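Okay, structure first, notes after.
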Amino acid sequence: LSASVPPTPLEQGDAADSPGPSQPSMEQMVKRAHYYANRGEFGKAWAAFSPSAPADGRDPKVVANYLGKTPQARAPPASVTADEPGVARYELKRKFFNKFAKSLPRARKGGPTQVDYELVRIITESTDGADCLFNFCTSVGWGVMHERLKRLEDDLNAVCLWKDDGVSCRPLGLCSIFTRSAERCIALQERDWAEQFCTTQLPEVAKARAEALEDATVTTATAEAAYTSRCITHGLDSTEAKTALADLEAAEAAEERARAPVNFPKNYAFSKNGTHLYAHTVAGWHGTKPENATISGDKENFYNTIAQALTADNKPDPNGCGRVKLLDWIRKRRPDLLPVARLIMGTPSFIRLVKAEGALRLPSADGDDLDFSAADWDPLSLECPDYNDPNYAKSACGVIQGRALSTILSVCFLHDICHAVQQENPSMRLIGFADDICQNDEPLRAVAAYSGPKGLLEAQKKGASVFDGVGKSLIYSPEGDLSCAPGWLRGSPAHRDKEGKPTGRVDCFKAVGTFFGDPEACKKELTAHLRKKLAPLDVIDTIVDTDCVTNTSQLRLNLVQRIACAKTKYIAGITPPNVACDALEFAHNRIRKSFESIARADASPQALRDLAWLQAQLPTEMGGCNIDTAFTRADSDFSMSLLKNWRTLVAHNPDFALDEGGASKYPAIAAAIATYESALSDWKEVCEKRAARDKNKYYTVRGGYLTEFYPKSVPLPEPESLPATDAILNGTCKSTYPRPRALAAIKNHKDWYAHQELVKARDVHVKNNPSLGDSAVNNREAARFVSASTPFAGKAFDVRVDGTYATALSSDTLQDELQRKLGLWLSVALPTLRVALERGMPVDFFGDYLYNKAHHRRPHDGVLAAWADAMRAPANAPVVHGDKEKPEL
């Protein structure tokens, strides 16, 4: 039943000794990449060329690493997991199941059984199968499962992924695909609730504020009526009136305080554009109040340790009950989820680091060595060991990283604790993305809100048994005095390294894939970060076709288009252009190197290579190759990200708002407004050019006419989708924001017109300065560019490979097509053409003479013409299907 195992020996247990990530052969990496790319998993295909491969589950160091990050505990008591009386059964809606079924992942590692998502896809293709699986998912939501099936599904197929340091591992636990499918459906349905819970005040706090505001409003109205009455009765200057006026002013002040916005924590893990909101918020803090301090904490082994049992000295307690605090929170906030929580967390799960060897055993009691002795049960049996057997490692704490409900339950639980910290520290501002949490306030208050008695560290330890990694927590301030920070906190003037030397001020820190802090430091770190992210290109560029692997150029092009370029787009959207410029320029040049390697552009002169690279950055519908590095539109990407999230940012951070004069302390909003208005001006310019070309008619020999060409495959945005700047900022426009795709279309059209002028200029230059090897075709470059921009001319470069001949392009064909499309010399024919040129033969290095004189379509066209004549021929006798002489056939 397993169709998701890639054809490569990278499975756990294949390496004999692996102190770190093992390096597979080039052929193994390419086969693995082809496997995932053919299933649409280009991210996994890219990862095939990076060293973050699964660690060997038989290596004692890997086993010890995994056990060190998996605290042992007993199952929670039945009183904690029991259903809440009076709560209705969980209702899974069919639309979320259908949404899950339409977006099933491919090539995912299965759990302890041999079932994978390919089997789920087969089941959901039929109506009866989908109904049965929906019923199963519904029963999981009710916490109901057959006992034998539950024991089979309880085990976790554990995976260890090497971290960047090559020493430590990231532990994952994969449950059965069927249970995972049910969890994914429930997670899809609960995502909207999780977003609201993590971006608004707690229900009880919001209710109390509403009641306080109502009381304050009534008090103000009563005081105003009393003041009016006293003025009428006793006179305006009477003592009674003055006393009533004082009461009225006090009531109005109280009402104003009740209406004033208050800080509350936000976690954007479930929000649309959550990482963008996080990044813009932190950048806004540093710009609006540079004297404040920002503390960034990193949760240590968050998923595996949350709600763990602790001893009196805060050490993991194997005799305590795990997950009790988390289940108590679920009972308080979402009692309807208790049944499914009991089903997936109420019983400890055995861990299988090597599936064929059964459950993982704990180290022997009389030593530190791991006990690899044979189990007292058959590892391949469908029955699990006794849950109470102390010799086996079990997952009984936290929420396993790799399960669909883990993030929602753990993040919302921790977020509830952050609300309690916020109430104790009202001036603090706190945001998070999953377990990455940032706090901002005046330095002294920020330190107290983090490490004080009523701070986050103490609250999360008591409430969730979660600890921050001391080595990764830090404090940063653009201009503030951080002398109040404790010496153990990185960034404090008193902080020392392991050798006792002062570490100095922290000038930047990383979160959500980018860097915050001093611009120059961020530039340096971001460039190094993007260099590391694009490091697989160094391996990908060396791939060539062999007897065992073919079509590698198409694989390389897909990885550059869909993965490498996507990494630059993300950076451009969340990082200010003045910080991202160096990193994006490096990525731009690095991706160009890879693309030119695919197209063999090195065989052409530099002038042609420059023109080809400019054309390649256009969409395929406009003559390009979809190589979008985001370097040339970094300003636009960041500005549109900021504008489309501006309403939410201002709602959550009122001090970011514009004043009456239209100014804001937010550092980047003015530049974003200017960039958007420049895009509106470009839109008008492009519309005028298109209208002029529509009026310029060319009459054909058949009596019709054609207008001057421009690409229509990428439509320009309508005026309604480009609201005025004021409407975006004050929230009066119908659309929520200008869509980045619409603005990208404007820039692409503008670039297309600019590139057309460049190729026309190239034709003039060639005409005035002829050289050997030039094409004899007049206005060749202009005609080629228009031909490449016609509908469907570049669709071959957009094809998502699926492993069939219908989508496959050989490396030679792809290379030739790229060179012809982009106006490069034919690299394969170049040596032969040079020899022919030396002998005086009329050749061109573009291949126009060879292609136009080859008559390679004549046999094909002749066959089509013969069939056309046969179909047009009139019938002179009754038509007989078959052999007229032998009608029985």
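The values are calculated or read from the model by the stated rules, or taken from the named source; none is laboratory data. Because the structure is predicted, anything quoted here is derived from the model rather than measured. Please note: Cβ atoms are built from the backbone with ideal geometry, for glycine as well, and neighbour counts cover all protein chains shown. Each accessible area value is taken on the protein alone, full model and side chains, heavy atoms only, with ligands, DNA and RNA left out. Shrake-Rupley method; radii C 1.70, N 1.55, O 1.52, S 1.80 Å.
Some observations on this one:
- A single entry from ALA788, ALA829, ALA796, ALA808 fulfils the requirement of being farther than 26 Å from HIS749 by Cα and under 38 Å from the mean Cα position of the chain (by Cα): ALA808.
- Checked against (1) open to solvent by 30 Å² or more (accessible area, probe 1.4 Å); (2) under 30 Å from ALA651 (Cβ atoms); (3) touching a Cys at 6+ places or on another chain (Cβ under 7 Å), PRO203 meets all criteria but (3).
- Residue list for the stretch 206-237, restricted to those being hydrophobic (A, V, I, L, M, F, W, C) and open to solvent by 90 Å² or more (accessible area, probe 1.4 Å): ILE232, LEU236
- Restricting PHE631, PHE595 to those that are open to solvent by 10 Å² or more (accessible area, probe 1.4 Å), aromatic (Phe, Trp, Tyr) and either part of a helix (DSSP H, G or I) or in contact with an Asp or Glu (Cβ under 9 Å, 6 or more places away or on another chain) (or both) reduces the list to PHE631.
- Qualifying position, being modelled with pLDDT of 95 or more, of a type in the set (A, V, I, L, M, F, W, C) and within 29 Å of ALA511 (Cα to Cα), among ALA612, ALA616, ALA566, ALA583: ALA583
- Single residue of ASP131, ASP116, ASP154 found to be over 28 Å from LYS69 (Cβ atoms) and among the acidic types (Asp, Glu): ASP131
- Selected residue (only one of ALA359, ALA341 is in a loop (DSSP other than H, G, I, E, B), within 24 Å of ALA404 (Cβ to Cβ) and of a type in the set (Gly, Ala, Ser)): ALA359
Condition check ((1) open to solvent by 20 Å² or more (accessible area, probe 1.4 Å); (2) assigned to a loop (DSSP other than H, G, I, E, B); (3) among the polar types (S, T, N, Q)) across all residues:
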| residue | (1), (2), (3) |
| --- | --- |
| GLN28 | yes, no, yes |
| ARG32 | yes, no, no |
| TYR36 | no, no, no |
| GLY40 | yes, yes, no |
| ALA45 | no, no, no |
| SER50 | yes, yes, yes |
| GLY57 | no, yes, no |
| VAL62 | no, no, no |
| ASN65 | yes, no, yes |
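- For the stretch 284-323, the candidate set comprises residues that are among the aliphatic types (A, V, I, L, M) and at pLDDT below 95; within that set, the residue that is nearest to the chain's Cα centre (by Cα) is ILE306.
- Subset tally (residues that are open to solvent by 10 Å² or more (accessible area, probe 1.4 Å) and either assigned to a loop (DSSP other than H, G, I, E, B) or more than 24 Å from VAL560 (Cβ to Cβ) (or both)) for the stretch 634-644: 1
- Strands (runs of 3 or more DSSP E) contained entirely in the stretch 432-529, each with at least 3 residues that are under 30 Å from ARG590 (Cβ atoms): 508-511, 514-517
- Members of the stretch 530-560 found to be open to solvent by 20 Å² or more (accessible area, probe 1.4 Å) and in a helix (DSSP H, G or I), listed by number: ARG531, LYS532, LYS533, ASP538, VAL539
- Flag not set for GLU190, criterion: of a type in the set (Asp, Glu) and either farther than 30 Å from LYS644 by Cβ or open to solvent by 50 Å² or more (accessible area, probe 1.4 Å) (or both).
- The helices (runs of 4 or more DSSP H) found wholly in the stretch 202-309 and carrying at least 1 residues that are closer than 28 Å to ARG445 by Cα and among the charged types (D, E, K, R) occupy 203-234, 239-259.
- Residue within the stretch 706-717 that is of a type in the set (Val, Ile, Thr), within 25 Å of LEU611 (Cβ to Cβ) and in contact (Cβ under 8 Å) with a residue 12 or more places away in the chain present: yes
- Flag if GLN439 is modelled with pLDDT of 95 or more and of a type in the set (S, T, N, Q): yes
- Top-ranked residue in the stretch 92-144 [being closer than 29 Å to ALA48 by Cβ, hydroxyl-bearing (Ser, Thr, Tyr) and not in a loop (DSSP other than H, G, I, E, B); ranked as most open to solvent (accessible area, probe 1.4 Å)]: THR124
- Here ALA727 meets the list (1) under 30 Å from LEU277 (Cα atoms); (2) exposed (fewer than 10 other Cβ atoms within 10 Å of the Cβ) almost entirely, failing just condition (2).
- Boolean, GLU195 is surrounded by 21 or more Cβ atoms within 10 Å (Cβ to Cβ), in contact with a Ser or Thr (Cβ under 6 Å, 6 or more places away or on another chain) and of a type in the set (Asp, Glu): no
- Residue in the stretch 567-581 that is open to solvent by 10 Å² or more (accessible area, probe 1.4 Å), over 23 Å from SER50 (Cα atoms) and assigned to a loop (DSSP other than H, G, I, E, B) present: yes
- The residues on offer are SER678, SER664, SER594, and the sole one that is touching a residue at least 12 places away in the same chain (Cβ under 8 Å) and either within 30 Å of LEU826 (Cβ to Cβ) or not charged (D, E, K, R) (or both) is SER594.
- Checking each residue in the stretch 246-275 for being open to solvent by less than 30 Å² (accessible area, probe 1.4 Å) and within 20 Å of the chain's Cα centre (by Cα) picks out LYS266, ASN267, TYR268, ALA269, PHE270, SER271, GLY274, THR275.
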